[in-house]
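S.K.: Sharing a structure, written as structure tokens. Questions coming.
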Amino acid sequence: MKALITGVNGFVGRHLEQFLLSNGYEVWGSSRSSHDVKADLLNRVQLEFNNVEKLTSTINELKPDLIFHLAAQSSVKKSWDDVEFTMKSNVINSTKLFEAILHSEIAGSCKVLSVGSSEEYGILPQESMPINEGSFLNPINPYGISKVSQYMLTKLYAKLGLHIVHVRPFNHIGPGQELGFVVSDFSNQIAKIEAKKISPIMNVGNLSAKRDFLDVRDIIRAYADVIISGIPGEVYNICSSEPVAISDILNTLVSFSTQNIEVNIDPKLLRVVDIPQYVGDNSKIRSLIDWQPKISLEDTLRDTLEYWRNEGN
Ligand code: GDD
């Protein structure tokens, strides 16, 4: 089975590539960066998102059985800083990719996974928790709006004949995640404290929020199955269905360290709009595929902290 991953060098793409390779897939990846240091070791392909004809001919040459469309501008914060780039990356480039696949020789055989986000739901009242796929879409930032648009595109292209499914993963965490996300931010500071690079004070934001966390390695296992079994035009939440308070994340990470760590709530880290609780309903995907999260939150947190300790902070 030949798979193409767009955005292969991102946090999720790197994990997905390794998972598919270790399961015997032939994997090709594309990434935004023109200088790709992994190009000599792994299969890489240049996707020209500006040009549908070139995209179509690249797809015709490669003929993947599966296309995992991960490439995106995926930071909520950056989506405010650069709305146009976010819309171009997530909406325009997705349209071009879907258009190219539709006009390719593999339109009838290739299966496509479109990666959305729980940010598509935006702010919902407490009584809407856990959020299921039929819940109201109320995105509150450009990123969420771009992913709702991408979702609408998948419905359109499914009607036009593509075998395409959309997924809405909730908060991903795990080793390799960049800074700017709560678990990496906390782990990075603990690793720096342990290495005596900073004083033993952690700066944190809102600790009362609750999120639905999944280890990235559990998420990509779901991707590999849902792309095969998902019904074209359908959308599937990928989540644990367990709300966890950020204060619990902090306490668990701190408990893994032998240091005495003081916690400082930094007003700069508090957001103007912060969703108080986000928890998903995973019953739809669990009735489609034989999947459930395997990696405990504790193991994910331990692995992420270990990753930051080894990053040479
Ligand atoms: N990043 C960060 N850093 N968040 C903190 C910190 C900190 O030091 N301290 C507290 N928080 C709180 C945030 O205010 C938020 O309530 C929660 O921790 C989670 O923050 P993030 O990890 O930044 O995730 P997010 O929920 O805002 O958004 C992420 O999840 C979405 C899926 O639901 C992003 O990955 C989105 O791209 C994704 O779509």
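S.K.: Write down the Å³ per residue value for the convex hull defined by the alpha carbon atoms of the chain.
M.R.: Taking the convex hull of the Cα positions in the chain, it is 133 Å³ per residue.
S.K.: Still on this structure: Could you state how much accessible area VAL183 has, in square angstrom rounded to the nearest 10, with a 1.4 Å probe and all protein chains kept in place?
M.R.: 0
S.K.: Ok, one more. Working from Cα positions, state the angle (0 to 90°, nearest 10) between the long axis of helix 11-22 and the longest principal axis of the chain.
M.R.: Tilt of helix 11-22: around 60 degrees.
S.K.: Let me ask something additional. Just to be sure I understand: of the beta bridges DSSP finds with both ends in the chain, what percent are antiparallel, rounded to 5?
M.R.: Restricted to the chain, the bridges split so that about 10 percent are antiparallel.
S.K.: Something else now. How large is ³J(HN,Hα), in whole Hz, for each residue of segment 184-193 in order, when computed from phi with the Karplus curve 6.51 cos²θ - 1.76 cosθ + 1.60 and θ = phi - 60°, using x for Gly and Pro?
M.R.: My calculation for segment 184-193 gives 5, 4, 5, 5, 4, 5, 5, 4, 5, 5 Hz in order.
S.K.: In terms of modelled amide H atoms, which long-range or inter-chain residues lie less than 5 Å from the amide H of ALA107?
M.R.: none
S.K.: To continue, here is another question. Set Lys and Arg Cβ to +1 and Asp and Glu Cβ to -1, take the dipole of the chain about its Cα centre, and tell me which of PRO142, LEU21, LEU97 lies farthest positive.
M.R.: My answer, from the dipole projection, is LEU97.
S.K.: In the Gaussian network model of the chain, springs joining C-alpha atoms below 10 Å, which of GLY230, GLY280, GLY108 carries the largest mean-square fluctuation?
M.R.: With Cα springs under 10 Å in the chain, the top fluctuation among GLY230, GLY280, GLY108 is at GLY108.
S.K.: Among DSSP beta bridges whose residues both lie in segment 96-252, state the antiparallel percentage, nearest 5.
M.R.: The answer is about 20 percent antiparallel.
S.K.: Given the -39500 (n - 2.57) contribution per DSSP H run of 4+ residues, what per-residue ellipticity at 222 nm results for the chain, rounded to the nearest 500 deg cm²/dmol?
M.R.: My calculation for the chain gives -11500 deg cm²/dmol from helical runs alone.
S.K.: Can you list residues from other chains, or at least 5 along the same chain, whose modelled amide H is less than 5 Å from the amide H of ILE131?
M.R.: Under 5 Å from the amide H of ILE131: VAL279, GLY280, ASP281.
S.K.: Using Cα pairs closer than 8 Å and at least 6 residues apart in sequence, work out the relative contact order for segment 1-73, in percent.
M.R.: Relative contact order here is 46 percent.
S.K.: A follow-up question, please. Place a +1 charge on the Cβ of each Lys and Arg in the chain and a -1 charge on the Cβ of each Asp and Glu, then give the dipole magnitude about the Cα centre in debye, rounded to the nearest 20.
M.R.: Dipole about the Cα centre, nearest 20: 300 debye.
S.K.: Taking the Cα centre of segment 264-313 as origin, sum charge times position over the Cβ atoms of Lys and Arg (+1) and Asp and Glu (-1), and report the length of that vector in debye to the nearest 20.
M.R.: Computed about the Cα centre, the dipole is about 160 debye.
S.K.: Along segment 54-65, what does the Karplus equation 6.51 cos²θ - 1.76 cosθ + 1.60 (θ = phi - 60°) give for ³J(HN,Hα), rounded to whole Hz, x for Gly and Pro?
M.R.: 5, 4, 4, 5, 5, 5, 5, 6, 7, 6, x, 7
S.K.: So what does ASP303 come to for accessible area, using a 1.4 Å probe and Å² rounded to 10?
M.R.: It works out to around 60 Å².
S.K.: Under 8 Å for C-alpha pairs, at least 6 residues apart: give me the relative contact order for the chain, rounded to a whole percent.
M.R.: Result for the chain is 18 percent.
S.K.: Right, another one. Assigning unit charges at the beta carbon (Lys, Arg +1; Asp, Glu -1) and nothing else, what dipole magnitude in debye, to the nearest 20, does segment 159-232 show about its Cα centre?
M.R.: Charge dipole, segment 159-232, about its Cα centre: 100 debye, nearest 20.
S.K.: Between ASN310 and VAL263, with labels modelled 7 Å along Cα→Cβ, what's the label distance in nm to one decimal, could you check?
M.R.: Between ASN310 and VAL263, the label points sit 2.8 nm apart.
The values are calculated or read from the model by the stated rules, or taken from the named source; none is laboratory data. Please read all numbers here as calculations on a predicted model, not as lab measurements. When we count neighbours, we look across all protein chains shown, and the Cβ atoms used for this are built from the backbone with ideal geometry, even at glycine. Areas reflect the complete protein model, heavy atoms only, side chains present, ligands, DNA and RNA absent. Shrake-Rupley method; radii C 1.70, N 1.55, O 1.52, S 1.80 Å.
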